[in-house]
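Down below is the structure, laid out as structure tokens.
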Amino acid sequence: MGKIVYTNVWPVFHHFHPEMISPSIQMVTEVPAVLNRALLAGELDLSPVSSFAYGTGSDSLKLLPGLSVSSDGPVNSILVFSRKPFKETVNGVIALTNTSATSVNLLKIIVEKAFGGKPTYWNSEPTLDQMMEKSDAALLIGDHAIRASWTDHGYYVTDLGQVWKEWTGLGMTFAVWAVQEDFAERNAELLGEIVAAFQDSKRRSLQDLRPLSQQACAEIGGTEAYWMNYFRTLRHDLSDRQQEGLALYYKYAYEMGLLNKPVDMRIWNDTKLMRVK
């Protein structure tokens with residue numbers, strides 16, 4: 001089982017104890033790009049991954065119900081840093097973080113489809129100073145973006161969650177929980193327990209965000225007020241409205257040739273378990 005290293009998944013994992021479900025669960029904690037490759041290669045049975053990665057492998061993967069990393073406006077951790085206002089950089093040089101896929105392709109969709117830009121892209125390690133040495137703008141995500149947003153660097157900062165909301169009127173789903181379809185078929189009961197444990201962790205985390213905020217202060221910095229607002233702003237469910245926003249993202253990605261096929265979002269459920277509940 002994969003676990004994204006960033007704070008944006010903490011509410012789902014904070015009260016999740018895999019050893020209480022099955023001693024055979026092995027956790028792999030990495031940045032999304034590494035988990036994306038591992039799940040698509042069949043090296044992970046289930047994991048939170050970039051939404052784009054699910055789109056790439058949707059023929060053999062299913063979504064776990066009610067789990068995501070989403071926003072309905074600003075997300076505060078998918079940020080573009082630019083020397084000029086963002087709209088004035090869409091024909092320039094843009095550095096892309098190498099740690100995720102969803103946000104990179106969201107940036108391309110917004111730049112090219114919403115603003116009609118034709119920039120030059122290059123991939124980089126997520127270090128803002130290095131990225132901006134030869135760029136007009138740079139995309140950072142997760143805790144790298146959060147730390148950079150606290151720095152007095154003089155750049156314009158643009159939240160892609162907010163831009164997407166203003167453009168489409170919909171929220172954006174950046175990560176989803178996906179499972180190998182054959183694993184789900186063989187392990188329906190175990191998977192049901194895992195989903196229930198994730199849902200319980202999410203519910204308990206949202207009831208009291210202070211432990212997560214205090215942990216983030218200790219590990220990353222910032223203030224408890226910042227982190228309380230950050231966790232409150234995020235969405236971790238997968239509602240019909242969020243699926244609508246994600247479907248539009250997949251539609252645009254396919255139209256632009258970023259995905260080589262349309263995406264059919266399939267959500268796992270076990271009817272036997274549902275009837276018992």
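Here the simple spin-label model places points 7 Å from the Cα toward Cβ, and for Met27 and Tyr121 these points are separated by 3.2 nm. Where a ≥ b ≥ c are the square roots of the eigenvalues of the C-alpha gyration tensor, would you call the stretch 105-228 rounded, which needs a/c under 1.5, or, failing that, prolate if a/b is larger than b/c, or oblate? Oblate, because a/c is 1.5 or more while a/b does not exceed b/c.
Relative contact order (percent) for the stretch 1-44, with alpha-carbon contacts under 8 angstrom and 6 or more residues of separation? Show your work: numbers first, answer last.
Details: 30 pairs, mean separation 25.1, N = 44.
RCO, the stretch 1-44: 57 percent.
Bins of 10 Å, beginning at zero and ending with the bin holding the largest distance: percent of Cα pairs per bin for the stretch 20-76, please. Values per bin, smallest distances first: 20, 48, 28, 4. Straight-distance candidates among the lysines for linking to Lys87, with alpha-carbon spacing under 25 Å and chain neighbours fewer than 8 residues away dropped: Lys108, Lys113, Lys118, Lys134, Lys165, Lys251.
Among (1) 59, 46, 42; (2) 75, 71, 37; (3) 57, 43, 32, which one is Cα extents along the principal axes in Å computed from these coordinates? Matching entry in (1) 59, 46, 42; (2) 75, 71, 37; (3) 57, 43, 32: (3).
Under the criterion of Cα pairs below 8 Å and six or more residues apart, the relative contact order for the chain equals 30 percent. The dipole here belongs to the stretch 78-168: it is taken about the Cα centre, uses +1 on the Cβ of Lys and Arg and -1 on the Cβ of Asp and Glu, and is about 300 debye.
Can you tell me the dipole magnitude for the stretch 126-175 around its Cα centre, using point charges on the Cβ only (Lys, Arg +1; Asp, Glu -1), in Debye to the nearest 20? Before the final figure, lay out each step's value.
Numbers: 3 positive and 7 negative charges, 30 e Å.
That gives the stretch 126-175 a dipole magnitude of about 140 debye.
Simple spin-label estimate for Tyr156 and Val5 gives 3.1 nm between the two label positions (7 Å along the Cα-to-Cβ direction from each Cα).
Excluding Gly116 itself, calculate the net charge of residues whose Cβ lies under 15 Å from the Cβ of Gly116, where each Lys or Arg counts +1 and each Asp or Glu counts -1. Net of charged neighbours comes to +1.
Every number in this text was worked out from the coordinates using simple rules, so none of it is lab data. This one's a predicted model, so the numbers in the text were calculated from it and none came from an experiment. All Cβ positions, even for glycine, are placed from backbone atoms using ideal geometry, and neighbour counts span all protein chains on display.
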